[in-house]
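Working notes, beginning with the structure itself.
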């Protein structure tokens, strides 16, 4: 009789330790998603701060296409609002608009040789390009973290612990199909 009680208590202890282990892993995964989002947020803020400088540099050239600058400014505002709200879906849409506007802006620059030789413009262009690459890299890391989170909270027995402690699915950061398409460089320079 005593052996049965010891075995039952031992099994209960092992189940408790296993449950605690699952819980701790889920907490770490949840925090990895938050950390990955924070990394993107920092880069978005940095790019948000650089874009007005780029627009102002372009505005110095009176004949520069104002509609393109306006699209970039509006899209920048949309990205900022979505980022502040933490609205991943709206951020994806706003990012698509901003990237499209920046692509048009960089294409229009080809018509202004003086602007291409402007040191400040070229530094801003390099900085924004580096930030775009970093955002793409961090977006991939974020989406990997979200995927791990979402899979783990659906797998048994993790789903039991996740349900008990209200772990939630996270939203992937995705851009439109237009954003994912290959860019037709010729069309950018012919507009």
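Coordinate-derived values only; no laboratory data. Since we're looking at a predicted model, the values are computed, not measured.
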*Take the alpha carbon atoms of the stretch 69-112, find their center, do the same for the stretch 138-167, and report the distance between the two centers in whole angstrom.*
30 Å
*Considering the stretch 61-166, what Rg and Dmax in Å follow from its alpha-carbon atoms?*
19.7, 64
*List the pair-distance distribution P(r) of the stretch 1-84, using every Cα-Cα distance, as the percent of pairs falling in each 5 Å bin from 0 up to the bin containing the longest distance, rounded to whole percents.*
3, 11, 12, 11, 9, 7, 7, 6, 5, 5, 4, 5, 4, 3, 3, 2, 1, 1, 0
_Segment residue 38-residue 25, length gained on full extension (0.36 nm per residue, minus Cα span)_ = 2.7 nm
_Gained length - residue 59 relative to residue 129, 0.36 nm times residue gap less alpha-carbon distance_ = 23.2 nm
*Summing -39500 (n - 2.57) over the DSSP H runs of n ≥ 4 in the chain and dividing by its residue number, what mean residue ellipticity at 222 nm do you reach, to the nearest 500 deg cm²/dmol?*
-28000 deg cm²/dmol
*Normalised by the number of residues in the chain, what is the relative contact order in percent for Cα pairs under 8 Å and 6+ residues apart?*
31 percent
_Just to confirm the number: angle between the C-alpha axis of helix 2-59 and the first principal axis of the chain, 0 to 90 degrees, nearest 10?_
10 degrees
*With springs connecting C-alpha atoms under 10 Å apart, model the chain as a Gaussian network and identify which of 100, 166, 145 has the largest mean-square fluctuation.*
166
*May I ask you to work out the translational diffusion coefficient for the chain at 37 °C, viscosity 0.692 mPa s, via Stokes-Einstein with Rh from the Kirkwood sum over Cα pairs, reported in whole µm²/s?*
167 µm²/s
